[in-house]
Amino acid sequence: MSVLEVRNLQTHFFTDAGVVKAVDGVDFALNEGEVLGLVGESGSGKSVTGFSILRLVDPPGRVVGGQILFRGQDLAQLPASEMRRLRGNKIAMIFQDPMMTLNPVLRIDTQMIEAVRAHDKVSAKAARDRAISALSKVGIPSPAERLDAYPHQFSGGMRQRVAIAIALLNGPDLIVADEPTTALDVTIQSQILAEVQDLARDTGTALIWITHDLAVVAGLADRVAVMYAGRIVETGQTDDVLTTPGHPYSVGLLGSIPGHGQRGERLTQIPGMAPNMAHLPPGCAFAPRCFNADERCRTDAPGIEDMERVRQLRCHHPLTKAGGTP
Amino acid sequence: MTAMLELSDVSRQFVKKLDSIEKLAKKLGASVSESCVNAVDSASFHIARGEVVGLVGESGCGKSTLGRMVAGLLPVSGGTIRFEGVDVTDAASADAKTARLRIQMIFQDPMSSLNPRMKVEEIVGEAAVYHGLTTRREMSAYVAGILRQVGLDPAYAQRFPHQFSGGQRQRIGIARALAVRPEFLICDESIAALDVSIQAQVINLFQDLRRELDLTYLFISHDLSVVEHIADRVVVMYLGRIVEIASTEALFDDPQHPYTQALIDQVPRLGAGRQTYRTIKGEIPSPLAPPPGCHFHPRCPMAGPRCTRDTPVLRNDAGRSVACHLHDGGTE
Ligand SMILES: Nc1ncnc2c1ncn2[C@@H]1O[C@H](COP(=O)(O)OP(=O)(O)OP(=O)(O)O)[C@@H](O)[C@H]1O
Ligand SMILES: Nc1ncnc2c1ncn2[C@@H]1O[C@H](COP(=O)(O)OP(=O)(O)OP(=O)(O)O)[C@@H](O)[C@H]1O
Ligand code: SF4
Ligand SMILES: [Mg+2]
Ligand SMILES: [Mg+2]
């Protein structure tokens, strides 16, 4: 069953330099226990998509259109008070910087017990037990003793794990994780990925994992969505997309990563640079950088292929047919 | 092969000042105090002319500190660094100064290392004029040549840094380093802040420059797949100490030190399909209170009693250097 269904989401920023269509018609659905990897160029709207789902977009930004159906209920229409009740309870977010979650002047136990009791009227003792169990789930040794520490007494990797533990506290149905391991070392990163994998498998929590790192997506995600200039340009089963990318941008992105060719061989470059989001070209936003672009690409924006299919592509000249393995 | 750069027992200590969170905590009555870190602890290795040596290890293990000492931006606390035989750690010597000009460093964050109020032409040309590589009158032509070398349109010379994309800014930083005609480049996480598609441009540029200008590199990065791509040899650090040195091929195919093994095991790989991530036990210990003996022993699956007692030495055996008791008489 779908935990989340995002339909034609549009989030725009109304700036002096013009309207920035940071998210401009994003569609995707997420089932229980499913992990969706959200990748794409810097500035393509990945974080804004995540913030929109949690209704954390601040002015001059605003969700201007579309639906965010969480278990059938449209979050875009929900009163702020009800949204607050869902956030940190049924829906949680993990940020790149754990200090976005943690309060530097409060002890970990105070923060965690408060987070439990804000949504669940249990005794302090029960809340404390739940905090201990969440900390041990994310691999923090002797959690009961660490509870009375302040955030500064933890290393960066530990702080991130505490932030993840807080996201897990109330057994959310959906977690949006925005580059939570980018600043961490590979050894700590894989520890966190292991915990996240178990979580999706054991509790059915659905995950949106935003990252730059396609290799992480390869190992973690069931499905991947590639964003460019505010839109999803390709989505499908992770293996399909990574082995036979269909959108020229996905092809370029994959080619630019070291590790598949010969050591020392030249890497494929995507020419040009990311578009100015306040002044997007009229046709396909990728056309100025695309090796396959023709006149049609420069004038008509391509639509996305059939929503029902597993593999979707937004391109006039895809390199693979949409449809994929059903 | 004679060494271009040679480090012998190079060390650096820091007194660790409190960060903002700690200062705040102290004001609120928590007991935090300043302490001493051995950021780099007796590092010895060499780099041959024309070689690319990768330097890898966890955050805080001392990579940047080592790089900054080699670049002459930070004095050593002990040991010597020789560049073509000249001791560059001797700040007073004139030979050291000329030698140091031939070593340049490219920094992690292209924006914060470029003066926002200077035009590209001045950023790139300033040091070259100062060191007499060109004159103020000929600077424009000189800079134009260097900008072309890094793939930037010379017409950009009159622009300011904020008018460029991340990848272009990183090229300006590279142009600035190249302007003084260095032979040795230290790249400290020079591509970490860039978008994946832009990273490829800069990696390719490094490879081209290596060929065209016969450059030698110390390439610092925590991205192992990038290091695997670009380096001939790799130096692995853990908590201030070098634990393994090997050719890139040998290191990735057959890592010897348990830490290197764990590290290479954890690198996410594109072609590997769905992975089951494994948890390695143990926390990265604080550099302020590193474990005795082998610093890695609390996390090491192979550790024995000797590992908690004696510090393993970096031993060279058949071209591979490893600092681990397993490779030096056993862990009992
Ligand atoms: N407060 C804001 N005001 C104006 N524009 C904004 C604001 N926040 C974000 N944007 C714009 O929205 C677009 C999408 O930003 P977003 O942060 O979602 O990118 P991203 O895909 O997460 O990139 P990255 O990989 O660099 O984190 C960008 O072009 C950005 O400039
Ligand atoms: N100026 C300084 N004052 C005090 N301590 C410092 C200073 N510079 C570095 N250190 C400490 O020295 C150790 C090594 O730091 P260094 O910056 O060399 O690590 P690194 O390997 O480059 O890490 P990263 O991958 O995060 O850049 C760390 O514990 C750091 O806190
Ligand atoms: S010396 Fe001992 S603890 Fe250190 S890496 Fe070798 S076996 Fe492991
Ligand atoms: Mg982002
Ligand atoms: Mg560093």
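A few notes on this one:
- Segment B:Ser247-B:Met118, extension gain: residue separation times 0.36 nm, minus the distance between their alpha carbons: 42.3 nm
- Computed from the alpha carbon positions, the gyration tensor of the stretch A:228-281 leads to an equivalent ellipsoid with semi-axes of 23, 17, 7 Å, biggest first.
- Accessible-area composition of chain A, carbon plus sulfur, in percent [1.4 Å probe]: 51
- Evaluating 6.51 cos²θ - 1.76 cosθ + 1.60 at θ = phi - 60° for every residue in the stretch B:222-237, the Karplus couplings come out as 9, 8, 5, 6, 5, 4, 4, 6, 9, 8, 8, 9, 10, 10, 10, 10 Hz, glycine and proline recorded as x.
- Probe 1.4 Å, all protein chains present, accessible-area order of B:Asp195, A:Asp129, largest first: A:Asp129, B:Asp195
- Of the trypsin sites (Lys or Arg not before Pro) found in the stretch A:23-114, those in coil by DSSP whose Cβ has at most 16 other Cβ atoms within 10 Å are A:Arg71, A:Lys90, A:Arg107.
- In the stretch B:40-180, a dipole from Cβ-located charges (positive for Lys and Arg, negative for Asp and Glu) runs towards its positive end, and of B:Pro116, B:Met105, B:Leu73 it is B:Pro116 whose Cα lies farthest in that direction.
- Contact order normalised by residue count of chain A, Cα under 8 Å, 6+ apart, percent: 20
- The orientation-averaged projection of the convex hull spanning the C-alpha atoms of the stretch A:71-128 amounts to 5.2 square nanometres.
- Exposed GluC sites (Glu not before Pro) absent - longest run of chain A, DSSP non-H/G/I/E/B, at most 16 other C-beta within 10 Å: A:33-264
- Loop-located trypsin sites (Lys or Arg not before Pro) in the stretch B:56-128 (DSSP state other than H, G, I, E, B) with a sparse environment of at most 13 neighbouring Cβ atoms within 10 Å: B:Arg117.
- Each 5 Å bin from zero up to the one holding the largest Cα-Cα distance in the stretch A:102-177 carries the following percent of pairs: 3, 17, 31, 27, 16, 5, 0.
- With N counted as the residues of the protein assembly as shown, its alpha-carbon radius of gyration over 2.2 N^0.38 Å works out to 1.00.
- Positive-end residue, the stretch B:206-264 charge dipole about Cα centroid, Cβ charges, pick of B:Thr248, B:Leu215, B:Tyr259: B:Tyr259
- Amide hydrogen neighbours beyond the local backbone of A:Ile232, cut-off 5 Å, H modeled: A:Asp27
- Choice from B:Ser197, B:Ser225, B:Ser321 with maximal GNM fluctuation in chain B (Cα, 10 Å cutoff): B:Ser197
- Structure-based [θ]222 nm, chain B - -39500 (n - 2.57) summed over DSSP H runs of at least 4, per residue, nearest 500: -8500 deg cm²/dmol
- About its Cα centre, the dipole of the protein assembly as shown is roughly 1300 debye, where the only charges are +1 on Lys and Arg Cβ and -1 on Asp and Glu Cβ.
- Measuring only protein heavy atoms, the 1.4 Å probe finds B:Met302 accessible over about 90 Å².
- Along each principal axis, Cα extent of the stretch A:136-286, largest first, Å: 56, 36, 31
- Whole-percent P(r), chain A, all Cα pairs, 10 Å bins from 0: 6, 25, 33, 23, 10, 3, 0.
- By accessible area with a 1.4 Å probe, ligands and nucleic acids excluded, highest first: order of B:Glu6, B:Glu212: B:Glu212, B:Glu6
- The Cα trace of the stretch A:1-123 gives Rg and Dmax of 16.0, 52 Å, the first to one decimal, the second as a whole number.
- Span-like helix criteria (full DSSP H runs; alpha carbon extent of at least 24 Å along the helix axis; mean Kyte-Doolittle hydropathy of at least 1.0) are satisfied in chain A by no helix.
- Between 0 and 90°, nearest 10: helix B:196-213 axis offset from chain B longest Cα axis: 70
- Whole-number percent relative contact order across the stretch B:69-142, with pairs defined as alpha carbons under 8 Å at least 6 apart: 17
- Cα centroid separation, the stretch B:73-143 to the stretch A:1-58 (Å): 45
- Selected from B:Cys294, B:Ala128, B:Val40, residue furthest toward positive end of dipole (chain B; charges at beta carbon): B:Ala128
- Chymotrypsin sites (Phe, Trp or Tyr not before Pro) lying in DSSP loop within the stretch A:1-85, provided at most 16 other Cβ fall within 10 Å: none
- Centroid-to-centroid separation of the stretch A:154-203 and the stretch A:135-151 [C-alpha atoms, Å]: 14
- Rounded tilt (10° steps) of B:120-130 against the dominant C-alpha axis of chain B: 90
- Set of the stretch A:212-252 residues, backbone N closer than 17 Å to the point 7 Å along the Cα-Cβ line of A:Asp294: A:248
The values are calculated or read from the model by the stated rules, or taken from the named source; none is laboratory data. Because the structure is predicted, anything quoted here is derived from the model rather than measured. Glycine gets a Cβ as well: all are built from the backbone with ideal geometry, and neighbour counts include every protein chain shown. Please note that ligands, DNA and RNA were not included when accessible areas were found on the heavy atoms of the full protein model with its side chains. Shrake-Rupley method; radii C 1.70, N 1.55, O 1.52, S 1.80 Å.
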